[in-house]
Structure formats: C-alpha cells, structure tokens
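The values are calculated or read from the model by the stated rules, or taken from the named source; none is laboratory data. Computed from a prediction, not measured in an experiment: that's the story for all the values here. Positions of Cβ are generated from backbone atoms using ideal geometry, with glycine treated the same way; all protein chains shown enter the neighbour counts.
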Amino acid sequence: MSSISENLEKVKYNISEACRKSGRNLDDILLLGVTKTIDIERINELLNLGVKNLGENKVQELISKYDIIGDNADWHLIGHLQRNKVKYIIDKVKLIHSVDSFELAEEINKRALKNNKAMDILVEINIGAEESKNGIKPEDTEKFIDKISEFEYINVCGLMTVAPYVENPQNNRRCFEQMHNLFVDIHDKNKDNINMKFLSMGMTNDYSVAIEQGANIIRIGTGIFGARNYS
Ligand SMILES: *Cc1c(COP(=O)(O)O)cnc(C)c1O
C-alpha cells in the first residue's frame, strides 16, 4: 500500500470514530483533500482512491492544476481570495470557502452573473478573533449574511473557519462549538436566499474534535500527503 492510501485509511477510520462518538452519520461528512504544494501524480493517486473534492488555497496553483485535472475533481477555493482573481476561478470551482468581505461577495456576484451560474459560497469566520487571520467577526456574521443575501448570483451555503493552531486539539473544542452555535442560529432563522448546509472546519490536527462539534466539511492536507514541502 502506498503511504497516501495508508494515510487515507487512517483518516477515514478517525472520521468514523468521531462520528460514532458523537452520534453522527458518516455520510454527512465531506472529506476535502487539501492539495496545495502537492504534485499532479500524487493528486491523481488520491483521486483514484475516491477522494474527488480538492481544496487549494491559491488561485494560480488551482488554475494550473485545473488545466490538467479539470472536472475529474471538484475544486474548492479555501484560501484568501483577492477580488481581481475571482474571474479566473468563477467557472472552475464548486465552492468558495473564504468569502470575508462585502466587496469580494460583490465581485463574485458580478462574475457569476457573467458566467450565467450562481456561485456557492461559505462565509469565513475569524472565530478565534486572531489579528493575523481573515474572516468576519462572529458578532458581525448575521448582519454580513443579510447584506450579501441580496446578491442573486451568490448562494450562501454555510460557514467556514480556520481555527487557531493549538498543540492539543481539545483546546479548539470551544471554538468549534461556537461556530456550530452560530451556524445553527442562522440556519434556524430560515432567511430568504440562505441555505445553511455546510460547516467547514477541522484540519489535520483537529478534525476529530471538529466533527464531534458539528463540522460536515473537513479539510485535510498533511494527514493525507504527509508534511508539505514549500521549496
Ligand atoms: C493548508 C490548509 C488546510 C489543511 O491543513 P493541514 O493541516 O495540512 O491538514 C486546511 N484549510 C486551509 C484553509 C488550508 O490553507
């Protein structure tokens, strides 16, 4: 067995354990393979193992991989997105996880209209209120969502967060719980043009805890491919 398939088996086992512990349904969890810095050969290996949803955090890298892999994968943009780059990905990605400003939402709406297809997006929340991180503040989330729900070519599908890096993943449990509460609050208000179905949180270090607290999209790079080589 290759290391990718072995790693994937471990990840899947951990996902099923987290589901079992928290009484959740395995089928409700979407595993995103995070492929930043990973070459095409290794990405193809993951695709062949049945993981079809891939997350990239940079537009340029996503496009160059899309040129080769195309629609054999479902692409997710998970990193910070600059407004002037929306036009390059609007017809390539299935879900943008990182909408963090009104101006970005406005640009996505404009480009989606031109592309004649509404774009599914998540609102990125800065749940740890870290200065170094992008995202809407938890207390501003509902107002922000109300504002961008006016855009006809944007479908708000849920929330995403990059939790703080912690040694012990249990230390992010409270953050994930806050995210889930925010998600449920907005979900239960049944707002027009808002369909809260995805809660994207949990990475290699803390995805088990994230699932236990209600995540239904987890984003895993290192846990599948091993440590990234940025050189
Ligand atoms: C890199 C990245 C991940 C995956 O991180 P790992 O710790 O390698 O699993 C998840 N989400 C975002 C936004 C990322 O940039």
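Quick look at the values:
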item: All positions within the range 19-37 that are touching a Leu at 6+ places or on another chain (Cβ under 6 Å) and within 16 Å of the ligand (Cβ to nearest atom); result: GLY33, THR35
item: Residues satisfying the stated conditions in the range 193-220, i.e. at positive phi and either touching a Phe, Trp or Tyr at 6+ places or on another chain (Cβ under 8 Å) or β-branched (Val, Ile, Thr) (or both); result: GLY202, GLY214
item: Number of positions in the range 41-74 that are outside any helix (DSSP H, G or I), away from the ligand (no atom under 14 Å from the Cβ) and either of a type in the set (A, V, I, L, M, F, W, C) or over 15 Å from the mean Cα position of the chain (by Cα) (or both); result: 3
item: Test: ILE108 is among the hydrophobic types (A, V, I, L, M, F, W, C), assigned to a helix (DSSP H, G or I), modelled with pLDDT of 95 or more and surrounded by fewer than 14 Cβ atoms within 10 Å (Cβ to Cβ); result: no
item: Test result for VAL166, in contact (Cβ under 8 Å) with a residue 40 or more places away in the chain and surrounded by fewer than 16 Cβ atoms within 10 Å (Cβ to Cβ); result: yes
item: Single residue of GLY223, GLY135 found to be out of contact with any Asp or Glu (no Cβ under 7 Å at 6 or more places or on another chain) and either buried (at least 22 other Cβ atoms within 10 Å of the Cβ) or more than 24 Å from VAL86 (Cα to Cα) (or both); result: GLY223
